[in-house]
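> Structure incoming, see below.
The values are calculated or read from the model by the stated rules, or taken from the named source; none is laboratory data. In this text, all values refer to a predicted model and were calculated from it rather than measured experimentally. All Cβ positions, even for glycine, are placed from backbone atoms using ideal geometry, and neighbour counts span all protein chains on display. These accessible areas exclude ligands, DNA and RNA; they are computed on the full protein's heavy atoms, side chains included. Shrake-Rupley method; radii C 1.70, N 1.55, O 1.52, S 1.80 Å.
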Amino acid sequence: FLFDVDQGFDTTEFIPQAGLVYKPIESVSLYGSYSESFRSNTIALISNVDLVDPEESRQFEVGVKADFLDGNLFATLAAFNIIRENELAPDPDNPTFQVPIGRTRSQGIEASISGEILPGWNALVSYTLTDTEILEDEDLTEGNAFENVPLHSGRIFTTYEIHSIIILPFEAI
């Protein structure tokens, strides 16, 4: 069933966000942030006719960013914690539909290094540890991790920019 916004939901919400950055030295930034979010679940394929409360979340993040080698190398390390309520997940009885999960938590760390290895050759390497848990729910097992969210993930990305092309003359023999 598709639920319309006109079915009695309050689709407005005050959403606080705050952040702070401190630079103890020119090449290092320490930061922290807090934010809340609100997303209406009124337009979702739900397996029953019950009205679904909006998804609400709170996120904390702290980290450090630094640049080295005259700005050619950048490093970031961050820790995060996200609590969500009424997040939608596949219905265990009918995966075509969705059901709200009572309360969930995602927390972890992210680290990345990026920069220019040689002139024109840039690379990025990152790693994320994400620990997820269902904290409260009526249908899903509390204490379980989320499906489709890996505990460990990472990526390696590289590019090379060709600065000039030399065209040699062609001679026919």
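> If DNA, RNA and ligands are ignored and the probe is 1.4 Å, what is the ranking of ARG105, ARG58 by accessible area, most exposed first?
Working: ARG105 30, ARG58 70 Å².
Final ranking, largest accessible area leading: ARG58, ARG105.
> Still on this structure, I have one more. Give me the distance in nm between label points sitting 7 Å out from Cα along the Cα-to-Cβ direction at ASP93 and PHE157, one decimal.
Spacing of the two 7 Å Cα→Cβ label points: 4.2 nm.
> Can you send over the solvent-accessible area of LYS23, 1.4 Å probe, protein chains only, in Å² to the nearest 10?
Surface open to solvent at LYS23 totals about 100 Å².
> Using protein chains only and a probe of 1.4 angstrom, how many square angstrom of ILE113 are accessible, to the nearest 10?
90
> Give the accessible area for HIS152 in Å² (nearest 10); use a 1.4 Å probe, count only protein heavy atoms, and leave out ligands, DNA and RNA.
For HIS152, the solvent-accessible surface is approximately 110 Å².
> Next question, about the same structure. Which three semi-axes in whole Å describe the equivalent ellipsoid of segment 63-173, each the square root of 5 times a Cα gyration tensor eigenvalue, listed largest first? Provide the component values of the computation, followed by the final result.
Values: eigenvalues 427, 89, 15 Å².
Taking √(5λ) for each Cα gyration eigenvalue gives 46, 21, 9 Å.
> Assigning unit charges at the beta carbon (Lys, Arg +1; Asp, Glu -1) and nothing else, what dipole magnitude in debye, to the nearest 20, does segment 107-170 show about its Cα centre?
Values: 1 positive and 11 negative charges, 182 e Å.
It comes to approximately 880 debye.
> For an R0 of 41 angstrom, estimate the FRET efficiency from the Cβ-Cβ distance between ALA66 and LEU168 and round to the nearest 0.05. Could the numbers behind the result be given before it?
Values: r = 44 Å, r/R0 = 1.07.
Step by step, r from the Cβ atoms, then E = 0.40.
> State the extension gain, in nm to one decimal, for the chain segment bounded by LEU118 and TYR22, taking 0.36 nm per residue of separation less the distance between their alpha-carbons. All intermediate terms of the calculation are to be shown ahead of the outcome.
Numbers: separation 96, 0.36 × 96 = 34.56 nm, distance 3.09 nm.
Going from the current span to full extension adds 31.5 nm.
> Taking the Cβ of GLU110 as the centre, find all other residues whose Cβ is under 12 Å away and add up their charges (Lys, Arg: +1; Asp, Glu: -1). All intermediate terms of the calculation are to be shown ahead of the outcome.
Numbers: positive: LYS65, ARG155; negative: GLU61.
Net charge in that neighbourhood comes out at +1.
> What number comes out for the charge environment of GLN17, summing +1 per Lys or Arg and -1 per Asp or Glu over other residues with Cβ under 12 Å away? Please report the intermediate quantities before stating the final value.
Values: positive: ARG58; negative: GLU36, GLU61.
Around GLN17, the surrounding residues sum to -1.
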